[in-house]
1. Identify the single condition in (1) without any contact (Cβ under 8 Å) to a residue 40 or more places away in the chain; (2) more than 23 Å from Leu89 (Cα to Cα); (3) part of a loop (DSSP other than H, G, I, E, B) that Met1 does not satisfy, given that it satisfies every other one.
2. Working carefully through the options Ile70, Ile22, Ile53, Ile57, find the one that is assigned to a strand (DSSP E or B), among the β-branched types (Val, Ile, Thr), at pLDDT 95 or above and closer than 17 Å to Tyr8 by Cβ.
3. Using the structure shown, decide if Glu27 is closer than 17 Å to Gly177 by Cα and either surrounded by fewer than 19 Cβ atoms within 10 Å (Cβ to Cβ) or touching a helix residue (DSSP H, G or I) at 6+ places or on another chain (Cβ under 8 Å) (or both).
4. Can you tell which of Phe85, Phe108, Phe141, Phe69 is exposed (fewer than 15 other Cβ atoms within 10 Å of the Cβ) and of a type in the set (A, V, I, L, M, F, W, C)?
5. Can you tell me which residue among Leu6, Leu35 is closer than 18 Å to Gly177 by Cα, in a strand (DSSP E or B), aliphatic (A, V, I, L, M) and within 13 Å of the chain's Cα centre (by Cα)?
6. Test each condition in (1) free of Cβ contacts under 8 Å to residues at least 12 places away in the same chain; (2) outside the structural domain of Tyr12 (by TED's automatic domain parsing); (3) surrounded by 15 or more Cβ atoms within 10 Å (Cβ to Cβ) for Ser132 and report the one that comes out false.
7. Give just the number: which of (1) surrounded by fewer than 24 Cβ atoms within 10 Å (Cβ to Cβ); (2) of a type outside the set (Lys, Arg); (3) in contact with a strand residue (DSSP E or B) (Cβ under 7 Å, 6 or more places away or on another chain); (4) part of a helix (DSSP H, G or I) does Thr15 not satisfy?
Amino acid sequence: MADILLLYSSVYGHTQRISKRIEAALESQGHTVDLKPVSGPPVDPRGYDAVLIGASIRNGKHNPKILQFIENHQHVLDEKPNGFFSVNLVARKPEKNTPETNPYTQAFVAKSPWQPRLLGVFGGDLDYQRYSAFDRNVIRFIMWITKGPTDPATKAEYTNWDEVARFAESFGELAVGPGGPPA
């Protein structure tokens, strides 16, 4: 089985929650997972058999530290089984919840020098009461534009947990498949 680095960026904790669910699924497959926030101490991906990166969207962008990590370690990432997943509220819409149809995932792939072998996208959660006043107004405006809920009392989760489980299973297979460590 593989030693996997699962690096994530989470603003309000939902991407961390998704990452923990993926961690548990990979561990149940027999993998060892090192779950690390991108905001923590620097991580060297060379000590791992596979690397998975997850990032949420805040005000229309992934955390710049994710792209910085990729730029610093692209040659290592390219040599290993790897993947990326994005967590965003646009993915709440069925026509925008795949890597091929999600604008944030497509923008990430276009901007990144690294081309992940496995891509995923998951709907996030919406909890206006948790946000700062500035973020609440920005998100309400974005929701108004995209015909989403704007009531400041809204609390909704758009994550398809079955899709998270399928993604974790696919990444676990990738981690030990061709180019990965022996099972």
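The values are calculated or read from the model by the stated rules, or taken from the named source; none is laboratory data. What you see is a predicted model, and the numbers here were worked out from it, not measured in a lab. Glycine also receives a Cβ, built like all others from the backbone with ideal geometry; neighbour counts cover every protein chain displayed.
1. It is condition (1) that Met1 fails.
2. Ile53
3. yes
4. Values: Phe85 fails: exposed (fewer than 15 other Cβ atoms within 10 Å of the Cβ); Phe108 fails: exposed (fewer than 15 other Cβ atoms within 10 Å of the Cβ); Phe69 fails: exposed (fewer than 15 other Cβ atoms within 10 Å of the Cβ).
Answer to the check: Phe141.
5. Leu6
6. Of (1) free of Cβ contacts under 8 Å to residues at least 12 places away in the same chain; (2) outside the structural domain of Tyr12 (by TED's automatic domain parsing); (3) surrounded by 15 or more Cβ atoms within 10 Å (Cβ to Cβ), only one is false for Ser132: (3).
7. Here Thr15 clears every test but (1).
So that you can scan it fast, the table gives a plain yes or no per residue for (1) outside the structural domain of Val33 (by TED's automatic domain parsing); (2) in contact (Cβ under 8 Å) with a residue 24 or more places away in the chain; (3) within 14 Å of the chain's Cα centre (by Cα):
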site	(1), (2), (3)
Gln74	no, yes, no
Phe84	no, yes, yes
Arg92	no, yes, no
Glu100	no, no, no
Leu119	no, yes, yes
